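Colleague: Please find one structure pasted underneath; my questions will follow.
The values are calculated or read from the model by the stated rules, or taken from the named source; none is laboratory data. Given the structure is predicted, the values throughout are model-derived calculations rather than measurements. Note that we place each Cβ from the backbone using ideal geometry, even for glycine, and neighbour counts take in every protein chain shown. What goes into the accessible areas is simple: the full protein's heavy atoms, side chains included, and nothing from ligands, DNA or RNA. Shrake-Rupley method; radii C 1.70, N 1.55, O 1.52, S 1.80 Å.
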Amino acid sequence: MKEISFIRRHIEQWKRLESVVDRASEEHPERLADAYMEITSDLSFSQSHYPHSRITVYLNNLASALHHSLYGNRKEPASRIAAFWKTEVPRVMYASRKELSYSLLVFLVSAAIGCLSTLNDDLFPRLIMGDGYIDMTLDNISRGEPMAVYADRSPLSMFFLILINNVRASFVVFLLGLLSGFGTGAALFYNGVMIGTFQTFCFQQHVGMESLPAIWLHGTLEISALVVAGAAGFALGNGWLFPGTYPRGYAFRRGAMRGLKIAVGTVPFFILAAFIESFLTRHTGIPTVIRGSFILLSVLFVIFYYIYLPNQLRHEHSPKTPNPVLQGADI
């Protein structure tokens, strides 16, 4: 690779790493370790191909600064767990914004396919949901309790059952990224088709307006977290499928760590969604305006945490002035 191409490909990344050095006292050691691994990989490549270039000198200085920040006497933050969800997850979500958009696209397209298929084939819901679930839903509708499925067991046992099932499903979606991302895409596709199918089926049975607040009271957080878990799976798959200039093993470990942080970050969303589904969704008598307001708040919170906050943290930590070495590079 020509030096000019090497610089163009990585210049923005190096600028971000400069900001990590500038704010080293506020960064968590794990973030410094990730930055150090990134810069040493580029430094190794530069030393092998451009040993006398000033870009090699620049990378060596940046690596040295990161090494000092990482291995110097530095205290561990007191609120490690809080910092993980407050800063680390939003930052990794910004780095994974493309994977998040892919995950959302797959889910929306598959939900639309489920909707259209149900409209054109009366037997399609039974193929996707199973005869038992469809017959149970039809029986509930005939008794005037279309959403009775959310009250068929005690709230506490239902909470743990739903929580375990949802967390397991999210990590399966993440780990299926080992199949180069196709496994994650297939899992998202199936879940999207299932949602689109069931929601359309409810409207066909003339209980659609009753199902919307019941399903999405908890489903807003639950489905959003599932889509985010899909982004984790794509990050894992892309790590070894598209290593770029990094060694494939390093790129895979980097993608796996990024995906794991995203997947772990969804757990509180699944806990809250399971609580709502177990203890609140069953109360269909709650005024629609209250449930609608709660759904709206959930949507706004998801947008804030996974889109707005990552962008804000990115801007806060972006370097204000480029390094003179990079300024003088012929790019």
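Colleague: With the checklist (1) on the phi > 0 side of the Ramachandran plot; (2) of a type in the set (S, T, Y); (3) surrounded by 20 or more Cβ atoms within 10 Å (Cβ to Cβ) in hand, flag the one item S170 doesn't pass.
Modeller: Of everything listed in (1) on the phi > 0 side of the Ramachandran plot; (2) of a type in the set (S, T, Y); (3) surrounded by 20 or more Cβ atoms within 10 Å (Cβ to Cβ), S170 misses just condition (1).
Colleague: Open to solvent by 50 Å² or more (accessible area, probe 1.4 Å) and of a type in the set (D, E): is that true of E222 in this structure?
Modeller: So E222 fails the test.
Colleague: Restricting to segment 252-266, give me the number of residues that are aliphatic (A, V, I, L, M) and either open to solvent by 40 Å² or more (accessible area, probe 1.4 Å) or outside any helix (DSSP H, G or I) (or both).
Modeller: 3
Colleague: Let me ask something else about it. With respect to M136, determine if the residue is open to solvent by less than 90 Å² (accessible area, probe 1.4 Å), at pLDDT below 95 and within 31 Å of the chain's Cα centre (by Cα).
Modeller: Taking the combined requirement at face value, the residue does not satisfy it.
Colleague: Show the residue pairs that are 6+ apart or on different chains and have beta-carbon atoms under 9 Å apart, the first residue being within segment 76-87 and under 18 Å from F301 (Cβ atoms) and among the charged types (D, E, K, R), the second being in a helix (DSSP H, G or I) and modelled with pLDDT of 80 or more.
Modeller: Matching pairs, first to second residue: K86/L309.
Colleague: Give the number of residues within segment 164-217 that are among the hydroxyl-bearing types (S, T, Y), at pLDDT below 95 and in contact with a Cys (Cβ under 7 Å, 6 or more places away or on another chain).
Modeller: Here the count works out to 1.
Colleague: Can you pull out every residue in segment 190-215 that is open to solvent by 20 Å² or more (accessible area, probe 1.4 Å), more than 21 Å from V302 (Cβ to Cβ) and free of Cβ contacts under 8 Å to residues at least 24 places away in the same chain?
Modeller: F203, H206, M209
Colleague: May I ask you to say which residue of G181, G144 is more than 19 Å from G219 (Cβ to Cβ) and either surrounded by 13 or more Cβ atoms within 10 Å (Cβ to Cβ) or touching a residue at least 12 places away in the same chain (Cβ under 8 Å) (or both)?
Modeller: Just one listed residue meets the conditions, G181.
Colleague: If you scan segment 216-265, which residues turn out to be under 15 Å from S180 (Cα atoms), among the charged types (D, E, K, R) and without any contact (Cβ under 8 Å) to a residue 60 or more places away in the chain?
Modeller: R248, R253
Colleague: Next question, about the same structure. Take I113 and tell me if it is at pLDDT 95 or above, β-branched (V, I, T) and either under 25 Å from the mean Cα position of the chain (by Cα) or not in a helix (DSSP H, G or I) (or both).
Modeller: Here the answer is yes, as I113 does meet what is asked.
Colleague: Do you know which residues across segment 292-313 are over 21 Å from L280 (Cβ atoms) and surrounded by fewer than 15 Cβ atoms within 10 Å (Cβ to Cβ)?
Modeller: Listed by number, the residues that qualify are I303, F304, Y308, N311, Q312.
Colleague: Moving on to the next point. In segment 233-251, how many residues are assigned to a helix (DSSP H, G or I) and either in contact with a strand residue (DSSP E or B) (Cβ under 9 Å, 6 or more places away or on another chain) or open to solvent by 70 Å² or more (accessible area, probe 1.4 Å) (or both)?
Modeller: 2
Colleague: Now, a different point. Here are the criteria: (1) part of a helix (DSSP H, G or I); (2) at pLDDT 80 or above; (3) over 18 Å from P310 (Cα atoms). Tell me which single one P51 does not satisfy.
Modeller: (1)
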